[in-house]
Amino acid sequence: MSEERPTIFVVDDDASMRDALKNLLRSVGLNVETFGVAQEFLSSQRSKAPGCLVLDVRLPGLSGLDLQRQLAEANVQIPIVFITGHGDIQMSVRAMKAGAVEFLTKPFRDQDLLDAVQQAIDRDRAARLKQAEAAELLERYESLSPREREVMALVVCGRLNKQIAGELGTSEATVKMHRSHLMQKMRADSLADLFRITQKLGTST
Amino acid sequence: MNSCETIPGNENAVSLASVFTTAELNRRPSRSPDFAAENRALVALAQVMAGSPDRILQKLAETALNLCRAHSAGFSLLELDGRRFYSPVIIGQWACHMGAGTLVDSGPFATVLDRNAPQLMSRPERHFTHLASVKPPIEEVLIVPFYLEGKAIGTIWVMSHDETLRFDAEDLRVMANLGAFAATAYQVMLDSAERLREANADVASRLAQIEKVNAEVQDSRRAALNVMEDALRAREIAETLNLQLLNEVAERRQTEATLRESKERYRILFTLGPVAVYSCDASGVIRDFNPRAAELWGRTPKPGDTDERFCGSYKLHRPDGTFMPHDQSPMAEVLSGQIPEVRDGEVHIERPDGSRVVVIVNIRPLKNQGGEIAGALNYFFDITDRKRAEQERQDLEKRERGLAIATALRETEAELARVARALTVGELATSIAHEVNQPLAAIVTNAEACIRWLDKTPNLHEAEESLALIIRDGNRASEVIRRIREFLKKDSRQLAPLDINDVALDAVALVRDELLKRHIALRVELSDDLPPVQGDRIQLQQVILNLIMNGGEAMASVADGSRELAVMSQKFGTDDVLMAVRDSGTGMDAQNIDRMFDAFFTTKPTGMGMGLSISRSIIEAHGGRIWAALNDGPGLTVQFSLPARTENPS
């Protein structure tokens, strides 16, 4: 799974600040896209590469905090690093509670911003991986026949083959066959492995 | 009664009774009435009354002269002290005696007043011997007394000066009608003269006698209301007269003309006088109004228009300045029966051009035969000038002074208030900080990026680009600083001699609502013997605004009932003035008091720490000093002193 270079999206209404942020982030080898207003970012096409949003709190029109809320409502999961000219505690608490990675006050130390951005990228990457894994597991699950799904549900509930055969009104040998097929399809090495997979499926679907 | 009424010292005089020949009027052959001429004359009179009431007596005399074909006609009016008659109007052959005055008990007119009815006298000099020398001699005089509210006013009379003219019963009838008219006319004339006098009165003496004038205005208003009622009564009389005409001149198609004239007369009577009148029907739709009403409204509504309900004004306000919807006006309340009538209510009318008139309203319901309210009459009277005079007097009272100015300010400068509020020192500092902070942050970030471009495997091109950005942003920051400097530059200050109290009151007016919202009681105690200071009104206003807003914020955490803010001024030392703002807030740690005025020092969660710092710069630029001290009780007092203006500011 070859990964694209991370892209950082910068939204700040101040041109100087935009240029400076772009300059700094580029100097450490990151892709940067800048926007002057929140709406511009919302309507832009974003790549599949991991990345994060560096967002000014005070923006004309839709404010940074508004944008954060809209993204959450639209189920767009992109980590956000907030920057502000003069932040107050209340504002930063709000932003952090809503899932921001960091809340920096201008002027900030470059390392602080770069650390925050790195942390955000890691977070995004992890989220993407988790998402990809969940999608993969779901695919496996969907390859099961209805009968295999029934058997799997009973297996993870801890039933013995005999019990399952009784419950489904079939022979123990047939249950064994289904069980072997579904372990294969789900790529589970052991019963414990199957448990783990179904748990992941349960949380991501 | 004969001899006792002869004038002492005139032994040759005949008795008073023998000069009275009233009884003869009915014995003489009488000419037939000329109702048409009389009617024309009455309409002409009413027009004069409505148009130029000061000419009404003259017009009445002319009418009497013409209708009776008399040789002379005129008025003898009782002077206010009741002891003398004077003749403001005499026309015809006797015109040379106009303006003459006689003692009440020495002339024929008083005897007529006593008898309370029109009288004819023949050759009165036979009894009143002092008239013997008066030329031309009086052959006959027909004298009609008239009264206002039961009080004798004077007489109207016609004379003949030789035997060719003898008055008859028809003359008596005509004169009696004119006498009735004269009473109303007289009051209208007095009233209009009164208004003229008032307009010309010297303002200073008016202020001095303000109480007295107020009382007089009250009286004259009542009198004017009475005139209106008299006028309406006169209308009934006139209509009765019309009915008589109708009966007597049956062959003429009089009905329509009479009706028209009756309406016309009503219209004219309606238009006279200084009182504005309008009427509404039961649903409040305006039926009628006079020109004075339209004048006060500043507009002319359309009678009968169902949109014009309760009042013809553009907008109404209560005396406290709040907006009064038309359907909550006194007229609406009377029509709905909520209150039986309105006596001397005060309402403020706003005209379409924005000007305002203060009026006293008197509303009486009109009831139909079933006793239900069928409409109402509203008499209203302009008291704007009187209110203004009151206001001027109040202005002299120190405590009221602030309120009056604040009200005036609020009315005329509501727009300015919003702008100025946005430009308080604190706001200014915040926006300055933001403006400067952006390029500074950008510079730091670019510089750090530049270092990274030069790290390990240097990228000289990118490093150069970074430096170009730094130069651009550096220039931008210095541009911001330059603009602020220019803004605060001494040259741009508008120095003028100022009453610091005025400046404080301006500031108070701007924040009064805000303080109210925050449940802060505001006390203004300004000393009225302060010398003027030399300064920039706007800057000093912003300092005071800043102190007030700081004080208000310091009390945010204090219980509602004990938030008190005092704005005070007093003399300081020998020449200086002191302005202090005292709050009852949380105060300040003693060690911080000296740091309060330093830039970036703040105790407020969202403060910039710039307001007091800039305030200090402004005060020091004015040659003054600013400091703070903890109160004995809770809270803090921040005050500044300014030197008084010297005569020749160098």
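For this structure, a couple of remarks:
- Counting only residues that are in a helix (DSSP H, G or I), of a type outside the set (D, E, K, R) and over 30 Å from residue A:184 (Cβ atoms), region A:99-142 holds 9 of them.
- Taking region B:523-542 as the range and being within 30 Å of residue B:555 (Cα to Cα) and modelled with pLDDT of 90 or more as the test, the residues that pass are B:523, B:524, B:525, B:526, B:527, B:530.
- Counted residues, region B:447-459 - those being small (Gly, Ala, Ser) and within 8 Å of chain A (Cβ to nearest Cβ): 1
- Entirely in region A:1-82, the helices (runs of 4 or more DSSP H) that have 3 or more residues that are away from every other protein chain (no Cβ under 14 Å) and in contact with a Phe, Trp or Tyr (Cβ under 9 Å, 6 or more places away or on another chain): A:64-73
- Test result for residue B:471, away from chain A (no Cβ under 11 Å) and modelled with pLDDT of 80 or more: yes
- Residue B:124 vs. criteria over 42 Å from the mean Cα position of the chain (by Cα), modelled with pLDDT of 80 or more, surrounded by fewer than 18 Cβ atoms within 10 Å (Cβ to Cβ) and not polar (S, T, N, Q): no
- Condition check for residue A:96: over 25 Å from residue B:473 (Cα atoms) and either touching a Leu at 6+ places or on another chain (Cβ under 8 Å) or within 14 Å of another protein chain (Cβ to nearest Cβ) (or both): no
- Filter result for the condition that a residue is in contact (Cβ under 8 Å) with a residue 60 or more places away in the chain and out of contact with any His (no Cβ under 6 Å at 6 or more places or on another chain), over B:58, B:47: B:47
- Across region B:31-38, not a single residue is classified as at positive phi and not in a helix (DSSP H, G or I).
- Selection count where residues are hydrophobic (A, V, I, L, M, F, W, C) and closer than 22 Å to residue A:107 by Cβ, scope region A:60-92: 7
- Filter result for residue B:578 (part of a strand (DSSP E or B), at pLDDT 85 or above, farther than 23 Å from residue B:536 by Cα and among the hydrophobic types (A, V, I, L, M, F, W, C)): no
Rundown of residues vs (1) part of a strand (DSSP E or B); (2) farther than 18 Å from residue B:364 by Cβ; (3) not β-branched (Val, Ile, Thr), yes/no style:
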| position | (1), (2), (3) |
| --- | --- |
| B:278 | yes, no, yes |
| B:283 | no, no, yes |
| B:288 | yes, no, yes |
| B:292 | no, no, yes |
| B:295 | no, yes, yes |
| B:300 | no, yes, no |
| B:305 | no, yes, yes |
| B:313 | no, yes, yes |
| B:320 | no, yes, yes |
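- Contact annotation: residue pairs with Cβ atoms under 6 Å, 6 or more positions apart or on different chains, pairing a residue in region B:16-42 that is under 19 Å from residue B:157 (Cα atoms) with a partner that is surrounded by fewer than 17 Cβ atoms within 10 Å (Cβ to Cβ) and charged (D, E, K, R), are B:16/B:5.
- Of the criteria (1) outside any helix (DSSP H, G or I); (2) modelled with pLDDT of 85 or more; (3) surrounded by 17 or more Cβ atoms within 10 Å (Cβ to Cβ), which one residue B:458 fails: (3)
- Beta carbons closer than 9 Å, at least 6 apart along the sequence or on distinct chains, pair a first residue in region B:572-590 that is more than 13 Å from residue B:629 (Cα to Cα) with a second that is among the basic types (Lys, Arg) for B:576/B:625; B:577/B:571; B:578/B:571.
- Within region B:527-562, considering residues that are assigned to a helix (DSSP H, G or I) and of a type in the set (Gly, Ala, Ser), the one nearest to residue B:620 (Cα to Cα): B:551
- Unmet criterion (only one of (1) closer than 23 Å to residue A:29 by Cβ; (2) modelled with pLDDT of 85 or more) for residue A:47: (2)
- Failed condition for residue A:91, given (1) assigned to a helix (DSSP H, G or I); (2) over 23 Å from residue A:42 (Cβ atoms); (3) within 14 Å of another protein chain (Cβ to nearest Cβ): (2)
- Each residue in region B:539-580 was checked for being β-branched (Val, Ile, Thr) and within 17 Å of residue B:616 (Cβ to Cβ), and 3 pass.
- Of all residues making up region B:416-446, the number that are more than 9 Å from chain A (Cβ to nearest Cβ) and at pLDDT 70 or above: 2
- Taking region A:106-146 as the range and being touching a residue at least 24 places away in the same chain (Cβ under 8 Å), more than 20 Å from the chain's Cα centre (by Cα) and closer than 19 Å to residue A:10 by Cβ as the test, the residues that pass are A:106, A:108, A:110, A:113, A:114.
- The one condition from (1) touching a helix residue (DSSP H, G or I) at 6+ places or on another chain (Cβ under 8 Å); (2) modelled with pLDDT of 80 or more that residue B:27 does not meet is (1).
- Looking only at region B:323-360, and only at residues there that are closer than 15 Å to residue B:276 by Cβ and among the small types (Gly, Ala, Ser), the one that is modelled with the lowest pLDDT: B:345
The values are calculated or read from the model by the stated rules, or taken from the named source; none is laboratory data. Just so we're clear, the structure is a prediction, and the values are computed from it rather than from any experiment. Positions of Cβ are generated from backbone atoms using ideal geometry, with glycine treated the same way; all protein chains shown enter the neighbour counts.
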